[in-house]
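Contents: one structure, followed by commentary.
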Amino acid sequence: MNPKPWYVYIALLEDGRFYVGMTQVHPDERAHRHQTGWGGTFTKGVRIVRVLWSEQHANGDSARKRERQIKRWSHAKKQALIDGDHSRLKSLSRSRQKS
């Protein structure tokens with residue numbers, strides 16, 4: 001039997017911020033759970049509007065590393081990932097390395 005995949009996702013919050021999380025259920029289902037008060041404490045005070053991006057991982061370790069990586073990114077870099085703008089992602093990475 002194949003293990004359940006893990007997902008890393010970025011959701012839009014009602015205040016315009018991004019929420020980065022990881023889960024073993026489909027990200028849309030996880031967002032629904034957040035909206036109904038089941039799960040993470042951070043989103044109890046701010047409603048998730050919708051999931052904007054997700055990425056599947058084979059195991060929890062891989063997903064956790066990716067989640068941590070993305071959480072450190074700026075809002076602009078997360079937006080570039082959501083948009084699939086790889087050149088902007090590289091540009092934002094380079095500009096940060098120069099600082």
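Observations on the structure shown:
- With contacts taken as Cα pairs under 8 Å and at least 6 residues apart, the chain reaches a relative contact order of 30 percent.
- Counting lysine pairs in the chain that sit 8 or more residues apart in sequence, or on different chains, and whose Cα atoms lie under 24 Å apart gives 15.
- Total charge dipole magnitude, segment 6-72, about the Cα centre, Cβ charges on Lys, Arg, Asp, Glu only, Debye to nearest 20: 240 debye
- Peptides 26-33, 58-65, ordered by how many other C-beta atoms sit within 10 Å of their residues on average, highest first, read 26-33, 58-65.
- Prolate/oblate/rounded label for the chain (Cα gyration tensor, a/c 1.5): oblate
- Segment residue 68..residue 38, full-extension length gain: 8.6 nm, with 0.36 nm per residue of separation and the alpha-carbon distance subtracted.
- Of the residues 25, 69, 8, the one whose Cα sits farthest toward the positive end of the charge dipole of segment 6-72, with +1 on the Cβ of Lys and Arg and -1 on the Cβ of Asp and Glu, is 69.
- Label-to-label distance for residue 24 and residue 61 is 1.7 nm, based on points extended 7 Å past Cα in the beta-carbon direction.
- Counting Lys and Arg as +1 and Asp and Glu as -1 over every other residue whose Cβ lies under 10 Å from the Cβ of residue 57, the net charge comes to 0.
- Exposure proxy ranking, count of Cβ atoms within 10 Å, fewest first, for 78, 71, 90: 90, 71, 78
FYI, it's all coordinate maths here, none of it is from the lab. This one's a predicted model, so the numbers in the text were calculated from it and none came from an experiment. Neighbour counts run over all protein chains shown; Cβ positions are idealised from the backbone, glycine included.
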